[in-house]
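Enquirer: Handing you this structure, nothing more for now.
The values are calculated or read from the model by the stated rules, or taken from the named source; none is laboratory data. As the structure is a prediction and not an experimental result, all values here were calculated from the model. As a convention, Cβ positions derive from the backbone with ideal geometry for all residues, glycine included, and neighbour counts pool all protein chains shown.
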Amino acid sequence: MPVGTVGSVKAMHPEAVRDTGAEILLGNVYHLMLRPGAERVAELGGLHQFMNWPHPILTDSGGFQVYSLSKIREINEEGAVFRSHIDGSKHQLSPERSIQIQHLLDSNITMAFDECTPYPVSEEDAATSMRLSMRWAARSREAFVERDGYGIFGIVQGSVFPALREESAKALADIGFHGYAIGGLAVGEGPEMMFEVLDYTAPMLPEDQPRYLMGVGKPPDMVEAVRRGVDMFDCVLPTRSGRNGQAFTRRGAINLSNARHAADPRPLDPDCSCPACSRYTRAYLHHLFRAKEILGPILCTTHNLHYYQELMQGIRGAIEAGEFAAFAEAFYAGYEGGDLPRLEGS
Ligand SMILES: [Zn+2]
C-alpha cells in the first residue's frame, strides 16, 4: 500500500498512483483527525470522494502516531490524551473514537486502536502494554459497525517475546477479526530480530486471513517477510525516498543526485515500463534533483511506486506458480548485483 498519510500520496495525482498498479492506499487517523477533521471529511462525502480515490482505503488507527509524533501524551485504560504536533492543541483518542473516526472517513479496512510498545522494553513492560492493547482490541471490535465491503484488523503486539506474541495472537483470534497485523516491529529492533519475530509470529495467525506487516519496508525486507507468510505491507519509503532522489530498482537503490548520472542517457531502470523510465534519461532526472525542480520528486516517486507494485505482482505470480524460492533468488541476484556499469567518461 502506498502511504497517503494526510489524504494525499505526496507528489502524486491519485490517477497516477492507480496507474502504478496500486489497488489500496493507506490513510491516517492521527493526521486526518487533526486536519481537516474526521467530521469535515464525512460531510464532504468520505475520504474516497474527498481525495478522489474511488478504490479501497486502509486507515491506521492512530496509536503509532500518538507514540511517535505527538508531544505530551498520557496513556491510561480509557485511551490516550495528547497534544497535536501541528499546533499543540489537546486531543483524546480511545478505541471507540478511533473506530468512529475510521467510520467517518469511510475506511474499507479499519485498524484496531493499540499502544505501540517502545523498543527496547523489558518483558514485564511489554506484557503490560500488550494486554492493554488486547483490551483495546476487544473494545475496537465491539465499536466496529459490520457492513458489506468493510473489515477490521487486529494488531498483534508483544515486542520480541515469543510467549507474549502467542498470547496476543490467541487473544485476537478469540475476538475474531477480518485480518491480522503484526505491530511493534520496524521500531529499531533491526532486520535480523524482526525476521526472528516473524518466524514465530506469522504461523500463529489464521492461514486463511490476510497478514499485514505494518510499516515495512525495503524491498528485501518485503521478500523476506513474504517468505515467512506475510501478505500485506505499507511503507513511506518509496514516496519519502522518491522525494529525496533515492530510486529503488531491479539493481538496488540508486541515488539520482550522484554525479555519475549527470551525462548518462540511459533510463533509470531499463527493465521498468513506468513513465519516468520510458520517457526520461538518468541525466535529466539527475538535473531535476540538482536544480530542485518539483518534477524530480514526482518522477522518482512515480518510478518507486511502480517498482514496489511490480515487485509484489512478481511475488504473487511466483507464489501462484509455486516458484517463490526461485523468484527470491533472482531478486537478490539483481538487487545485490549493483547498478549499471559506469559509462565511458562519466
Ligand atoms: Zn521506472
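Enquirer: Please go through region 253-265 and give me each residue that is buried (at least 17 other Cβ atoms within 10 Å of the Cβ) and within 27 Å of the chain's Cα centre (by Cα), ordered by number.
Expert: Ile254, Leu256
Enquirer: Name the single residue that is nearest to the ligand (Cβ to nearest atom) among those in region 233-247 being small (Gly, Ala, Ser) and on the phi < 0 side of the Ramachandran plot.
Expert: Ala247
Enquirer: So, one more: Considering each of Arg250, Arg282 in turn, give the residue that is in contact with a helix residue (DSSP H, G or I) (Cβ under 8 Å, 6 or more places away or on another chain), within 13 Å of the ligand (Cβ to nearest atom) and over 30 Å from Ala225 (Cβ atoms).
Expert: Exactly one residue qualifies, and that residue is Arg282.
Enquirer: Residue under question is Leu288, and the condition is that it be at pLDDT below 95, more than 9 Å from the ligand (Cβ to nearest atom) and over 28 Å from Asp231 (Cβ atoms); does it hold?
Expert: It is false that Leu288 is at pLDDT below 95, more than 9 Å from the ligand (Cβ to nearest atom) and over 28 Å from Asp231 (Cβ atoms).
Enquirer: Now for a separate question. Yes or no: region 151-164 includes at least one residue that is farther than 19 Å from Met1 by Cα and free of Cβ contacts under 8 Å to residues at least 12 places away in the same chain.
Expert: Yes, region 151-164 has at least one match.
Enquirer: Also, quick follow-up: Restricting attention to region 137-178, and to residues there that are on the phi > 0 side of the Ramachandran plot and surrounded by fewer than 20 Cβ atoms within 10 Å (Cβ to Cβ), which single residue is modelled with the highest pLDDT?
Expert: Checking each candidate, the answer is Gly176.
Enquirer: Further, regarding this structure: Please verify whether region 51-70 includes one or more residues that are on the phi < 0 side of the Ramachandran plot and more than 22 Å from the chain's Cα centre (by Cα).
Expert: no
Enquirer: Has region 301-309 got at least one residue that is of a type outside the set (Lys, Arg), away from the ligand (no atom under 14 Å from the Cβ) and assigned to a helix (DSSP H, G or I)?
Expert: Scanning region 301-309 turns up no residue that is of a type outside the set (Lys, Arg), away from the ligand (no atom under 14 Å from the Cβ) and assigned to a helix (DSSP H, G or I).
Enquirer: Oh, and also: Taking Val216, is it within 9 Å of the chain's Cα centre (by Cα) and within 23 Å of Ile155 (Cβ to Cβ)?
Expert: yes
Enquirer: Given the residues Ile57, Ile75, which is the only one that is at pLDDT below 95, touching an Asp or Glu at 6+ places or on another chain (Cβ under 8 Å) and either β-branched (Val, Ile, Thr) or closer than 21 Å to Ser241 by Cα (or both)?
Expert: Ile75
Enquirer: In region 250-270, which residue that is among the aliphatic types (A, V, I, L, M) and out of contact with any strand residue (DSSP E or B) (no Cβ under 7 Å at 6 or more places or on another chain) is farthest from Pro220 (Cα to Cα)?
Expert: So, considering only residues that are among the aliphatic types (A, V, I, L, M) and out of contact with any strand residue (DSSP E or B) (no Cβ under 7 Å at 6 or more places or on another chain), the one farthest from Pro220 (Cα to Cα) is Ala263.
Enquirer: May I pose another question? State the number of residues belonging to region 117-130 that are over 22 Å from the mean Cα position of the chain (by Cα), in a helix (DSSP H, G or I) and in contact (Cβ under 8 Å) with a residue 24 or more places away in the chain.
Expert: Result for region 117-130: 4.
Enquirer: If you don't mind, there's one more thing I want to ask. Evaluate region 146-162: report whether one residue or more is hydroxyl-bearing (Ser, Thr, Tyr), in contact with a Gly (Cβ under 8 Å, 6 or more places away or on another chain) and not in a loop (DSSP other than H, G, I, E, B).
Expert: no
Enquirer: Quick check: anything in region 314-323 surrounded by 14 or more Cβ atoms within 10 Å (Cβ to Cβ) and within 16 Å of the ligand (Cβ to nearest atom)?
Expert: yes
Enquirer: Sticking with this structure for a sec: Is it the case that Asp221 is more than 15 Å from Leu305 (Cα to Cα), surrounded by 18 or more Cβ atoms within 10 Å (Cβ to Cβ) and in contact with a Lys or Arg (Cβ under 6 Å, 6 or more places away or on another chain)?
Expert: It is false that Asp221 is more than 15 Å from Leu305 (Cα to Cα), surrounded by 18 or more Cβ atoms within 10 Å (Cβ to Cβ) and in contact with a Lys or Arg (Cβ under 6 Å, 6 or more places away or on another chain).
Enquirer: Report every pair of residues separated by at least 6 positions or lying on different chains whose Cβ atoms are under 8 Å apart, first residue within region 15-29 and within 14 Å of Met214 (Cβ to Cβ) and of a type in the set (Ser, Thr, Tyr), second modelled with pLDDT of 95 or more and part of a loop (DSSP other than H, G, I, E, B).
Expert: Once the first residue is within 14 Å of Met214 (Cβ to Cβ) and of a type in the set (Ser, Thr, Tyr) and sits in region 15-29, no partner that is modelled with pLDDT of 95 or more and part of a loop (DSSP other than H, G, I, E, B) comes close enough.
Enquirer: In region 256-279, how many are away from the ligand (no atom under 15 Å from the Cβ) and either among the aromatic types (Phe, Trp, Tyr) or in contact with a Gly (Cβ under 6 Å, 6 or more places away or on another chain) (or both)?
Expert: Number satisfying all stated conditions: 1.
Enquirer: From the list Val226, Val230, which residue is more than 15 Å from the ligand (Cβ to nearest atom), within 14 Å of Leu311 (Cα to Cα), in contact with a helix residue (DSSP H, G or I) (Cβ under 9 Å, 6 or more places away or on another chain) and of a type in the set (Val, Ile, Thr)?
Expert: Val226
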